[in-house]
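**Student:** Below is a structure I'd like to ask you about.
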Amino acid sequence: MKFLWFLLVPLMIFAQDPKVIPVTTQQPEQSKLYPIVIVGAGAAGTMAVKRAVLNNTEVLLFTGDKQDRKRSCGNWVKKVDNVPGLEKYKRPVLELRNEVLQELASGPLSSNLYVIEDSICSIEKQDDFFKLIDRSGRIYFAKYVVLATGIMKEQPLIQGSLRPILPFANNGSIGYCCICDGHRCLGKKTVVIGHTKTAASMALFLSKKYHPTSITILTNGHVPEFISEIAVLEAPIKEVVGNNVLSGFVLETGEYVEAEMGFVALGIRPNNQLALQLGAQLNASGLVITDEDGESSVPNLFVIGDLRANTLKQIYTAWQNAVDAIQAIDERL
Ligand SMILES: Cc1cc2nc3c(=O)[nH]c(=O)nc-3n(C[C@H](O)[C@H](O)[C@H](O)COP(=O)(O)OP(=O)(O)OC[C@H]3O[C@@H](n4cnc5c(N)ncnc54)[C@H](O)[C@@H]3O)c2cc1C
């Protein structure tokens, strides 16, 4: 399964990646010790770089390369209607990143900002600083590292492929979290795809909270790991049906399940490779355990946003984590 994921993720081509690095910043120097390096430029990384620059601190930001950007939740977020002010954006996380970088690069503190459109693939701690290597083989040094590499949501395989679900995730008729999109199932025929207790809890929550006209759990060929009062169909999904919006699922038994809204509850894939390289303590889901400021078990390694354990996987939580971490670092600097 793990193997399949890494094989199939690059196929996630259902949304264009808007131009990253809309700005030219100073050329980063490889021999220099940066006070702060931020890895990841989604919701958390964007807020962190803004706070650091406003604190008049030099900061080097890695946005991630195309492949890593596609492996992050922030890349796929479309309509956000649970965060004030974000309703107007078509690709909120990406558009905000561009706006923030443009504003910082043209502002009075712009000399603090360094941005590289690449991923960090290797990190190690040497005495009291970090050595980071990007995919182009360039080496950088940092006193503090802030990891904001996020997570990805597991996707259902339909006839062995992720592709059938993606257009519907893209048009908003498939959601991944109740707190973001739960309200969209109000008065609609709804399905939840998943076989674990999380899927059962999600279905129950949606049913009680938003009273969809019907709700069914599709386990997509898996044996359910729960007992539920909600209808469960175990047959593998053969086809997702709909034109611009979702209209239903055909199962391999030939049964047709009408659905206007769907939710995927299959868990997460944390982008925790760098935290693992440093030996940071993780929880059972692979998320990094931190203190209140976001510092991990590795001194001077901070983790913010979705990758941090015990946080809501939300944009505003990522922003709060980012400010907490950068302010804690600022006090030490
Ligand atoms: C479909 C969908 C809908 C959502 N809707 C909402 C909503 O309505 N409201 C809400 O509040 N939240 C919503 N979320 C959740 C929200 O997107 C996340 O909580 C938020 O983006 C987390 O921010 P982050 O910075 O931790 O991660 P992300 O925003 O995912 O950013 C991760 C960043 O890390 C970078 N990266 C990864 N690996 C590397 C590497 N090795 N080197 C350098 N960079 C790297 C990527 O390029 C990316 O820039 C939604 C999520 C999904 C998937």
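Each value in this text was obtained by applying a stated rule to the coordinates, not by laboratory testing. Quantities reported herein were computed from a predicted structural model and do not represent experimental measurements. Positions of Cβ are generated from backbone atoms using ideal geometry, with glycine treated the same way; all protein chains shown enter the neighbour counts.
**Student:** Rounded to the nearest Å, what's the spacing between the alpha carbon centres of region 63-139 and region 214-260? Just the number, please.
**Tutor:** 37 Å
**Student:** Count the DSSP beta bridges whose two residues both fall in the chain, then state the antiparallel fraction as a percent rounded to the nearest 5.
**Tutor:** The antiparallel proportion sits near 45 percent.
**Student:** In region 102-224, what % of DSSP beta bridges are antiparallel (nearest 5)?
**Tutor:** 70 percent
**Student:** Choose one answer from Arg269, Arg91, Arg138: the residue with the largest mean-square fluctuation in a GNM of the chain with alpha-carbon springs under 10 Å.
**Tutor:** Ranking Arg269, Arg91, Arg138 by mean-square fluctuation puts Arg138 first.
**Student:** Amide H to amide H under 5 Å from Cys121: which residues, 5+ apart in sequence or cross-chain, H placed 1.01 Å off N in plane?
**Tutor:** Counting only residues 5 or more places away or on other chains, the set is Ile133, Asp134, Arg135.
**Student:** Oh, and also: What percent does the relative contact order of the chain come to when contacts are Cα pairs within less than 8 Å and at least six residues apart?
**Tutor:** 18 percent
**Student:** More than 16 angstrom separation, counting every C-alpha pair in region 160-264; what % is that?
**Tutor:** It works out to 51 percent of all Cα pairs.
**Student:** Also, I was wondering about something else. With 10 angstrom as the radius, rank Arg71, Arg184 by how many other C-beta atoms surround their C-beta, starting from the fewest.
**Tutor:** Result, fewest neighbours first: Arg184, Arg71.
**Student:** If amide hydrogens are placed 1.01 Å from N in the peptide plane, which non-local residues have theirs closer than 5 Å to the one on Ile217?
**Tutor:** Amide H neighbours of Ile217, under 5 Å, 5+ apart: Val192, Ala231, Val232, Leu233.
**Student:** Right, something else. Using only Cα atoms, find the angle between the long axis of helix 43-54 and the longest principal axis of the chain, and express it within 0 to 90 degrees, rounded to the nearest 10.
**Tutor:** The angle comes out at about 20 degrees.
**Student:** If you don't mind, another one. With +1 on the Cβ of every Lys and Arg and -1 on the Cβ of every Asp and Glu, and nothing else charged, how large is the dipole of region 160-264 about its Cα centre, in debye rounded to the nearest 20?
**Tutor:** Numbers: 8 positive and 9 negative charges, 68 e Å.
In total the dipole reaches around 320 debye.
**Student:** Just subtract the alpha-carbon distance of Glu252 and Leu186 from 0.36 nm times their residue separation and send over the number in nm, one decimal.
**Tutor:** Numbers: separation 66, 0.36 × 66 = 23.76 nm, distance 2.81 nm.
Extra length from Glu252 to Leu186 when fully extended: 21.0 nm.
**Student:** Further, regarding this structure: Pick from Glu103, Glu229, Glu252: which is most flexible by mean-square fluctuation in a GNM of the chain where alpha carbon atoms under 10 Å apart are linked?
**Tutor:** For the chain, modelled as a Gaussian network with Cα springs under 10 Å, the answer is Glu229.
**Student:** For the chain, find the longest principal axis of its Cα atoms and tell me its angle to the long axis of helix 197-210, 0 to 90°, nearest 10.
**Tutor:** Approximately 80 degrees, to the nearest 10.
**Student:** Further question on the same structure: Taking neighbour counts of Cβ atoms within 10 Å as a proxy for exposure, in what order, fewest first, do Val80, Val303, Val145 appear?
**Tutor:** Val80, Val145, Val303
**Student:** Just Asn82, Asn271, Asn321 to compare: in a GNM of the chain, with alpha carbon springs under 10 Å, which one fluctuates most?
**Tutor:** For the chain, modelled as a Gaussian network with Cα springs under 10 Å, the answer is Asn82.
**Student:** Same structure again: Can you work out the PRE-style zone for Asp128? Point 7 Å along Cα to Cβ, and I want the residues of region 292-306 with backbone N under 15 Å.
**Tutor:** Of the residues in region 292-306, 299-301 have backbone N under 15 Å from the label point off Asp128.
**Student:** Does anyone have the angle between helix 315-332 and the longest principal axis of the chain? Alpha-carbon axes, 0 to 90°, nearest 10?
**Tutor:** 20 degrees
**Student:** Taking neighbour Cβ counts within 10 Å as the exposure measure, how do Tyr89, Tyr34 sort from fewest upward?
**Tutor:** Values: Tyr89 17, Tyr34 22.
Ordered from fewest to most neighbouring Cβ atoms within 10 Å, Tyr89, Tyr34 come out as Tyr89, Tyr34.
**Student:** Grab the DSSP H runs of the chain that are 4 residues or longer, score each as -39,500 (n - 2.57), total them, divide by all residues and round the 222 nm result to the nearest 500 deg cm²/dmol. Kindly include the intermediate steps, with their values, before the conclusion.
**Tutor:** Numbers: 10 runs with 88 residues, N = 333.
Helix-only estimate at 222 nm: -7500 deg cm²/dmol.
**Student:** I've got another one for you. What full-extension length gain, to one decimal in nm, is calculated for Asn310 and Ser201 as 0.36 nm per residue of separation minus the Cα-Cα distance? Could you put the intermediate results ahead of the total?
**Tutor:** Values: separation 109, 0.36 × 109 = 39.24 nm, distance 1.83 nm.
Once the chain is fully extended between Asn310 and Ser201, it gains 37.4 nm.
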